[in-house]
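These notes concern the structure reproduced below.
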2 protein chains.
Amino acid sequence: MLSKNQIKFIRSLKKKKFRQANRLFLAEGVKVVDELISSSFKIHKIYGTASFQNTLKIDELQIITEKELKMISDFTNPNQVIGIFEIPEKKEPLNQGLTVALDDINDPGNLGTIIRLCDWFSVSQLICSTNTVDCFNPKVVQASMGSLTRVQINYVDLSAYLSEEKREIYGTFLDGENIYSSEHEMNSILVLGNEANGISERIEALVQRKLTIPQFGDQKQTESLNVATATAIFLSEFKR
Amino acid sequence: MLSKNQIKFIRSLKKKKFRQANRLFLAEGVKVVDELISSSFKIHKIYGTASFQNTLKIDELQIITEKELKMISDFTNPNQVIGIFEIPEKKEPLNQGLTVALDDINDPGNLGTIIRLCDWFSVSQLICSTNTVDCFNPKVVQASMGSLTRVQINYVDLSAYLSEEKREIYGTFLDGENIYSSEHEMNSILVLGNEANGISERIEALVQRKLTIPQFGDQKQTESLNVATATAIFLSEFKR
């Protein structure tokens, strides 16, 4: 049975402040929790209903009722399990190969999708500006579908970080070199900007080459592609 | 002032049944409504607050209060305007060039993103299986960001449609020819499958060539890409 204090504590982890104070984050649903259990991430506690089965023996498992799960879940139809995991120790950013850098991404779904794309395209380092949504936000964890455990993510002062970089810095803009006809250095940084405002002026000044995905046809009325969609196309083009 | 009946009628259009009975659909927010007003779609009614400004003179505009807008809006923070537009007359599907075909896409956000991608990459025809989410669902209209007005969309019995097609039929699978090293016929149909189950067996039997986006790196643990993300990569690769 869940105590009032347990419920309060679990719910508190939906907020960044409490995640950071406790160095813990939430994951929900069988698929994501199973991936995290099997990863190098450390388990703090698993709350599962009687129907939750995992092939591993989990000492931290507490069986709860469907009703209790509903009380701590963000889902309309909760899916068997919620886990609390430790936020891993910070590592130094990797400065080799292709790094993706995000300038103030706000939407958790977009960040989760970008993490999944980095995993798919074997981008081992993701750099986020300090104003980018927290990667341990439950909606990001959900959208990243376990890829969170396989991509190294660092939050930095993006302007200071880029100023010290020796690799080539690419930025994605609506006007720039056509991505399909330009050569790309694989040992480089690819910057993507905020959903509404794109790359900020401060960061634009540090970008060495501007790249763009050309629009096809005569109409040219679509304003822009969603940032996660654009990331998919850029990574595909870099890695193909 | 909005009458009770008006409010009830507007809200009813959130349901497919009532959209189809009335041949009307809802659009919300300044950007999307402005795009629809400027398009060939016919305006039925526009409900805007005093702050809503459009450069065109709109006879169908009714000024409402912020409070009334909240009553008919799906948004937590409604954005000035809700429009009701006529669902356009059905046209015969175009059978030239590249057609994207969807086998039971469920998520409105995914369909909206795919419509936006078709617009960006100048794919003029989108074919949806009858079980695909309705393209006039308010969340699809929202996510398509006005691209809905520039892409022709037909709902069909997908199996019957593909059986009669003379163009080459490609399908996207987890195992198939590497998209980056295979040649693509531009006069063709590209089939994408359901979020959870992929392309159904019945449709798979009609696919002539299976294509896949290869996964990079050694880990190969990411199960699959989101269908909208995969569409972005396939269309980019077809059109580049």
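What number of residues within segment A:148-164 are aliphatic (A, V, I, L, M) and closer than 20 Å to A:Pro138 by Cβ?
Result for segment A:148-164: 3.
Quick check, is A:Glu68 outside the structural domain of A:Glu195 (by TED's automatic domain parsing), crowded, with 21+ Cβ neighbours inside 10 Å and either on the phi < 0 side of the Ramachandran plot or in contact with a Gly (Cβ under 8 Å, 6 or more places away or on another chain) (or both)?
Spelling it out, it is not the case that A:Glu68 is outside the structural domain of A:Glu195 (by TED's automatic domain parsing), crowded, with 21+ Cβ neighbours inside 10 Å and either on the phi < 0 side of the Ramachandran plot or in contact with a Gly (Cβ under 8 Å, 6 or more places away or on another chain) (or both).
Looking at segment A:138-176, which of its residues are under 24 Å from B:Ala228 (Cα atoms) and out of contact with any strand residue (DSSP E or B) (no Cβ under 8 Å at 6 or more places or on another chain)?
Within segment A:138-176, A:Lys139, A:Val140, A:Ala143, A:Ser144, A:Met145, A:Gly146, A:Ser147, A:Leu148, A:Thr149, A:Arg150 meet the criteria.
Quick one: how many residues across segment B:193-208 are within 22 Å of B:Ser181 (Cα to Cα), surrounded by fewer than 17 Cβ atoms within 10 Å (Cβ to Cβ) and of a type outside the set (S, T, N, Q)?
1
For segment B:105-126, name all the residues that are in contact with a Phe, Trp or Tyr (Cβ under 8 Å, 6 or more places away or on another chain) and either surrounded by 24 or more Cβ atoms within 10 Å (Cβ to Cβ) or assigned by TED's automatic domain parsing to the domain that holds B:Leu36 (or both). Break it down into steps so the answer makes sense when it comes.
Applying the first criterion (in contact with a Phe, Trp or Tyr (Cβ under 8 Å, 6 or more places away or on another chain)) to segment B:105-126 yields B:120-122.
Hits for segment B:105-126 are B:Trp120, B:Phe121.
Here's the yes/no breakdown for (1) under 30 Å from A:Ala205 (Cα atoms); (2) in contact with a Pro (Cβ under 6 Å, 6 or more places away or on another chain):
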| position | (1), (2) |
| --- | --- |
| A:Ile82 | no, no |
| A:Ile115 | yes, no |
| A:Ile127 | yes, no |
| A:Lys139 | no, yes |
| A:Asn154 | yes, yes |
| A:Arg167 | yes, no |
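Restricting attention to segment B:140-157, does a residue exist that is over 26 Å from B:His44 (Cα atoms) and either buried (at least 17 other Cβ atoms within 10 Å of the Cβ) or away from every other protein chain (no Cβ under 14 Å) (or both)?
yes
Return the total of residues in segment A:66-77 being touching a residue at least 40 places away in the same chain (Cβ under 8 Å) and either touching a strand residue (DSSP E or B) at 6+ places or on another chain (Cβ under 7 Å) or over 19 Å from A:Gln6 (Cα atoms) (or both).
Looking only at that region, the number is 4.
The rows are residues; the columns are (1) touching a residue at least 24 places away in the same chain (Cβ under 8 Å); (2) part of a strand (DSSP E or B); (3) not assigned by TED's automatic domain parsing to the domain that holds A:Thr113.
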position	(1), (2), (3)
A:Phe173	yes, yes, no
A:Glu185	no, no, no
A:Leu190	yes, yes, no
A:Val207	yes, no, no
A:Ile233	yes, no, no
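Please enumerate the residues belonging to segment B:138-152 that are in contact with a Gly (Cβ under 9 Å, 6 or more places away or on another chain) and closer than 10 Å to B:Pro108 by Cβ.
B:Lys139, B:Val140, B:Val141, B:Gln142, B:Ala143, B:Ser144 - these are the residues of segment B:138-152 that are in contact with a Gly (Cβ under 9 Å, 6 or more places away or on another chain) and closer than 10 Å to B:Pro108 by Cβ.
I'd like to verify a number: residues in segment B:121-134 that are within 11 Å of chain A (Cβ to nearest Cβ) and touching a residue at least 40 places away in the same chain (Cβ under 8 Å), how many?
Qualifying residue count for the region: 3.
Tell me, yes or no, whether segment A:207-216 has at least one residue that is within 12 Å of A:Ala101 (Cβ to Cβ) and within 14 Å of chain B (Cβ to nearest Cβ).
No: zero hits.
The values are calculated or read from the model by the stated rules, or taken from the named source; none is laboratory data. Quick caveat, the model's predicted, so the values are computed rather than measured. Heads up, the Cβs are rebuilt from the backbone with ideal geometry, glycines too, and the neighbour counts pull from every protein chain shown.
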